[in-house]
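First up is the structure itself, then whatever we jot down about it.
Just so it is clear, none of the values below were taken in a lab; they were calculated from the coordinates. Keep in mind that this is a model prediction, so the values were computed, not measured.
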Amino acid sequence: MQRFVKVLFFALIVKPVVFVILGLNIRHREKLPTKGPAVIAANHNSHLDTLVIMSLYSLSHIHRIRPVAASDYFMKSRFIAWFATSCIGIIPFDRSGSAGQRELFNPLHDALDKGDILILFPEGSRGKPEELGRLKKGLYYLLKERIDTPVAPIHLEGLGNALPRGEALLVPFTCSITIGDPIITLDSSRQLNSELEVFFRTHQDEE
């Protein structure tokens with residue numbers, strides 16, 4: 001039932017909004033990971049970020065795409081929790097600091113073990129429109145024991161203007177998404193974040 005709800009939501013609402021109302025310029029779509037386990041690491045300026053990335057996938061694969069999202073925000077009420085888990089399929093992530101590292105990452109490892117593709121935002125939360133925030137170390141801690149799991153960097157441009165943080169009204173604004181080559185070697189969190197930051201800033205400067 002949950003899979004059906006998710007497919008229906010993306011077929012009837014998300015894809016028409018993204019591709020008809022919003023408008024999207026996609027670069028290097030062929031680099032988008034199509035099989036898991038894999039992780040997508042993207043910059044984060046808007047609630048639209050997750051939906052736009054997921055809209056790139058066919059409806060037959062959408063159940064395998066699992067965004068990692070803050071439990072304190074998306075699980076704070078019964079309706080929001082149902083919507084986030086049933087329509088989007090998030091994996092709730094406790095960022096309060098009360099959970100141990102193993103407890104924190106176990107649901108993510110379980111999803112990767114099943115062949116899912118996770119969407120993570122290394123900044124941790126949405127920043128100011130079209131500005132890159134400081135990248136955190138969580139992605140490295142997740143993957144340091146999964147050296148064969150590729151990380152696909154994705155740069156999103158314009159979504160912070162189409163639906164800025166704190167706003168509820170969508171503004172039609174042509175946006176772009178650039179998919180980079182997978183990052184596989186993870187020697188340290190500094191190395192991983194450095195590669196991601198170079199990718200994000202390079203494509204930010206190209207706009």
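Could you grab the relative contact order for the chain? Cα pairs under 8 Å, six or more apart, rounded to a whole percent. Can you show the working numbers first?
Details: 342 pairs, mean separation 63.4, N = 207.
Relative CO of the chain lands at 31 percent.
Just the number: Rg to Rh for the chain, Cα atoms, Kirkwood Rh, two decimals.
Radius of gyration relative to Kirkwood radius: 0.93.
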What is the gain in length, in nm to one decimal, between Ile147 and Ser125 on full extension, counting 0.36 nm per residue of separation less the C-alpha to C-alpha distance?
5.4 nm
Give me the count of lysine pairs in the chain whose alpha carbons sit under 28 angstrom apart, restricted to pairs 8 or more positions apart or on different chains.
29
Could you tell me whether the range 51-111 comes out rounded, prolate or oblate from its Cα gyration tensor? Rule is a ≥ b ≥ c as square roots of the eigenvalues, rounded for a/c under 1.5, then prolate if a/b exceeds b/c, otherwise oblate.
oblate
³J(HN,Hα) across the range 114-125 via Karplus (A = 6.51, B = -1.76, C = 1.60, θ = phi - 60°), whole Hz, x for Gly/Pro?
7, x, 7, 10, 8, 10, 10, 10, x, 5, x, 8
